[in-house]
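The values are calculated or read from the model by the stated rules, or taken from the named source; none is laboratory data. Source: prediction; values computed, not measured. All Cβ positions, even for glycine, are placed from backbone atoms using ideal geometry, and neighbour counts span all protein chains on display. Surface areas here come from the heavy atoms of the whole protein model, side chains and all, with no ligands, DNA or RNA. Shrake-Rupley method; radii C 1.70, N 1.55, O 1.52, S 1.80 Å.
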Amino acid sequence: MKIRFTPDALESIREKRAWWAANRDKAPDLFRTELAAVVAKLKRGTFEDAKLYTVRRGRRIWRILMPKTRHHVYFWRDAAGQSTEVLLVWNAQGGTAPDFSP
């Protein structure tokens, strides 16, 4: 399965990875490790633990929780199931939800 990342996803990943490495001295690589595990699931097409988040412009947007870092990975798959696009990585405890409005 092909995985793509939106510019917003790449920016959020860079920011969160840098923050985690700088502020979590006991587990500086935990964010990167959990994200890699989610991406591996998406590549295999196995994401039973994903939850439907919303539907926008006819697309189902899903999310998977990275349990130790408490971040969600938001993504959608094309209709044929051939590719997945990661839309954003968001702090699950941030108090607000991401807005995927057009």
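Miscellaneous remarks
- Reachable aspartates and glutamates, given that their alpha-carbon falls under 20 Å from the alpha-carbon of Lys16 and they are not under 8 places away in the same chain: Asp8, Asp25, Asp29, Glu34, Glu85, Asp99
- 10 Å Cβ shell holding at most 13 others, DSSP loop, trypsin sites (Lys or Arg not before Pro): longest site-free stretch of the chain: 71-102
- Each Lys or Arg adds one and each Asp or Glu takes one away; over the other residues whose Cβ falls under 14 Å from the Cβ of Ala22, this sums to +3.
- Centroid-to-centroid, using Cα positions, the stretch 49-102 and the stretch 1-31 are 15 Å apart.
- At the residue level, Ile61 shows approximately 10 square angstrom of accessible surface with a 1.4 angstrom probe and all protein chains present.
- 3J(HN,Hα) along the stretch 65-82: 7, 8, x, 7, 8, 6, 10, 9, 9, 9, 7, 9, 10, 5, 4, 7, x, 8 Hz, from the Karplus curve 6.51 cos²θ - 1.76 cosθ + 1.60 with θ = phi - 60°, whole Hz, x for Gly and Pro.
- Table column - 3J(HN,Hα) (Hz), the stretch 42-59, Karplus curve with 6.51, -1.76, 1.60, x for Gly and Pro: 5, 5, 7, x, 10, 9, 4, 7, 6, 10, 5, 8, 6, 10, 10, 6, x, 9
- For the chain, the relative contact order comes to 31 percent (Cα pairs under 8 Å, sequence separation of at least 6).
- Stokes-Einstein D for the chain, Kirkwood Rh over Cα pairs, 10 °C, 1.306 mPa s (µm²/s): 114
- Separation in nanometres of the label points that stand 7 Å from Cα toward Cβ, at Asp25 and Arg57: 4.5
- Cβ charges +1 (Lys, Arg) and -1 (Asp, Glu), total dipole of the chain, debye: 220
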